[in-house]
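Visitor: This is the structure I want to talk about, given as C-alpha cells.
The values are calculated or read from the model by the stated rules, or taken from the named source; none is laboratory data. Just so we're clear, the structure is a prediction, and the values are computed from it rather than from any experiment. Cβ sites come from the backbone with ideal geometry, for glycine too, and all protein chains shown count toward neighbours. To get the accessible areas, we keep the full protein, side chains included, count just its heavy atoms, and leave off ligands, DNA and RNA. Shrake-Rupley method; radii C 1.70, N 1.55, O 1.52, S 1.80 Å.
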Amino acid sequence: MLAGSDWFRVHVPRPNARLQLICFPYAGGSASVFREWGDMLPLVELISVQYPGRQDRVGDPFAVTLAELADRLAEKIQPLLCRRTAFFGHSMGAIVAFEVARRLRPRFPSPLTRLFVSACNPPAEARPRGLSFDDTELRDYVRELGGADATTSTEDDELWQLALPPLRADLRLTETYRYVRGAPLACPITAIAGDEDAFATIEEMRRWREHSVAGTDIRALPGGHFYFDDSLPELAKLLQSELDTGRTSTVRSPG
C-alpha cells in the first residue's frame, strides 16, 4: 500500500517499474480521470492523485487554498521518491504539480525526472476570472471548456449535483491562487497544448520556459482544452518518448 494512500490511486500496479508518473487532475476532476492511462504506459507505474472532497474522499474537507493543497501533497509524495519520478498535471493540476515540485527536497539536483504541464498558462500569469460560482455560470464555463464529459455532466441534473461541489471548491483554489516568485525548477518541463485550445494556447504555454533551468519543450496535440479525449494514444507516446530521453535529473533517495 502506498504511503499516504488516501491521496493516491494505482489502477494498474507495477511496483517493479523503474519510473513512476504521478498525475494531478484538473478542477473538479478525480483520480479516475487517469484510469485508462496506465495500460498505455507499460514501462511506468502511473499514480493518480485523489484530491479531498470527491468520490471515496467525499467526507474529507476541501483544501482552502492551493498552497495548502500543495503543502499536503508534497508531504505525502516526498516518501515516494525512491525511484525515478515524473509529474503530469492537466489544467489546474499543472499548477498543483508545479507547486508541489517547488516544495520537494532536495531542490538541486531535483528529485523529479520531468514535469509535464498540460493545457495551463504559466503560474506567473494566473489571474482571477471574476467567477461568481453560481450554478448557471459554472455550467456555462464547463460547456465552454468542452471535453467528453461536459455535455453529460451539465445536462444531467443528478450528475451535476455530484460534480458541482468539487468543481466549485477547486475553481476557488485557482481563483485565489497567486504565484510567489522563487527559484525556477531544476528538472526539465514539457508543456503540452491542444492546438485548438483557446484557454491555454501554444504561444502562452511557451512562457513555461521561465520556470525551469533544465530546459522546456513545447508540444502540441490535436484538440481543444481536453485534447486527450481524442488524442490519448498520441499523448501516451509523447509521454513515453519524453521520459525515455537522456535529459533527466539525478534522482536521490529521500533522507
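Visitor: Please find, among Gly29, Gly53, the residue that is out of contact with any Pro (no Cβ under 7 Å at 6 or more places or on another chain) and part of a loop (DSSP other than H, G, I, E, B).
Guide: Criteria check complete, one pass: Gly29.
Visitor: Also: Output the qualifying pairs, or none if there are none: Cβ atoms under 6 angstrom, residues six or more apart or on different chains, first residue in segment 155-168 and more than 16 Å from Asp140 (Cβ to Cβ), second residue not in a helix (DSSP H, G or I) and not acidic (Asp, Glu).
Guide: Pro166/Gly28; Pro166/Gly53; Pro166/Arg54
So that you can scan it fast, the table gives a plain yes or no per residue for (1) of a type outside the set (D, E, K, R); (2) within 22 Å of Pro188 (Cα to Cα):
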position	(1), (2)
Arg84	no, yes
Phe87	yes, yes
Ala94	yes, yes
Pro122	yes, yes
Pro128	yes, no
Leu131	yes, no
Ala148	yes, no
Asp157	no, no
Trp160	yes, no
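Visitor: While we're on this one: I'm trying to understand the selection: among the residues of segment 159-194, which are part of a loop (DSSP other than H, G, I, E, B), small (Gly, Ala, Ser) and surrounded by 14 or more Cβ atoms within 10 Å (Cβ to Cβ)?
Guide: Residue satisfying the conditions is Ala186 alone.
Visitor: Taking Thr152 as the residue in question, decide whether it is open to solvent by 20 Å² or more (accessible area, probe 1.4 Å), free of Cβ contacts under 8 Å to residues at least 24 places away in the same chain and either β-branched (Val, Ile, Thr) or in a helix (DSSP H, G or I) (or both).
Guide: It is true that Thr152 is open to solvent by 20 Å² or more (accessible area, probe 1.4 Å), free of Cβ contacts under 8 Å to residues at least 24 places away in the same chain and either β-branched (Val, Ile, Thr) or in a helix (DSSP H, G or I) (or both).
Visitor: Here's something else I'd like to know. When the residues of segment 204-229 are filtered to those that are assigned to a helix (DSSP H, G or I) and either touching a residue at least 24 places away in the same chain (Cβ under 8 Å) or in contact with a Leu (Cβ under 9 Å, 6 or more places away or on another chain) (or both), which remaining residue is most open to solvent (accessible area, probe 1.4 Å)?
Guide: Per the criteria, the residue is Glu210.
Visitor: Please verify whether Ile95 is open to solvent by less than 10 Å² (accessible area, probe 1.4 Å) and in a helix (DSSP H, G or I), treating the condition exactly as stated.
Guide: It is false that Ile95 is open to solvent by less than 10 Å² (accessible area, probe 1.4 Å) and in a helix (DSSP H, G or I).
Visitor: Just checking, which of Leu115, Leu162 is under 23 Å from Tyr51 (Cα atoms) and in contact with a strand residue (DSSP E or B) (Cβ under 7 Å, 6 or more places away or on another chain)?
Guide: Leu115
Visitor: Looking only at segment 220-235, which residues are in contact with a helix residue (DSSP H, G or I) (Cβ under 6 Å, 6 or more places away or on another chain) and within 17 Å of Val117 (Cβ to Cβ)?
Guide: Result: Ala220, Leu221, Gly223, His225, Phe228, Leu235.
Visitor: Taking the stated definitions as given, is Ala124 open to solvent by less than 60 Å² (accessible area, probe 1.4 Å), closer than 24 Å to Ala200 by Cα, assigned to a helix (DSSP H, G or I) and in contact with a Phe, Trp or Tyr (Cβ under 7 Å, 6 or more places away or on another chain)?
Guide: In short, yes.
Visitor: Looking at Arg102, is it at pLDDT 90 or above and either among the hydrophobic types (A, V, I, L, M, F, W, C) or under 30 Å from Arg83 (Cα atoms) (or both)?
Guide: yes
Visitor: Inside segment 51-73, can you point out the residues that are within 25 Å of Pro188 (Cα to Cα), open to solvent by less than 10 Å² (accessible area, probe 1.4 Å) and either touching a Leu at 6+ places or on another chain (Cβ under 6 Å) or without any contact (Cβ under 8 Å) to a residue 60 or more places away in the chain (or both)?
Guide: Leu66, Ala70
Visitor: Moving to a separate point now. Scan segment 32-50 for residues that are outside any loop (DSSP other than H, G, I, E, B), over 16 Å from Asp170 (Cα atoms) and hydrophobic (A, V, I, L, M, F, W, C) and jot them down.
Guide: Phe34, Met40, Val44, Leu46, Ile47
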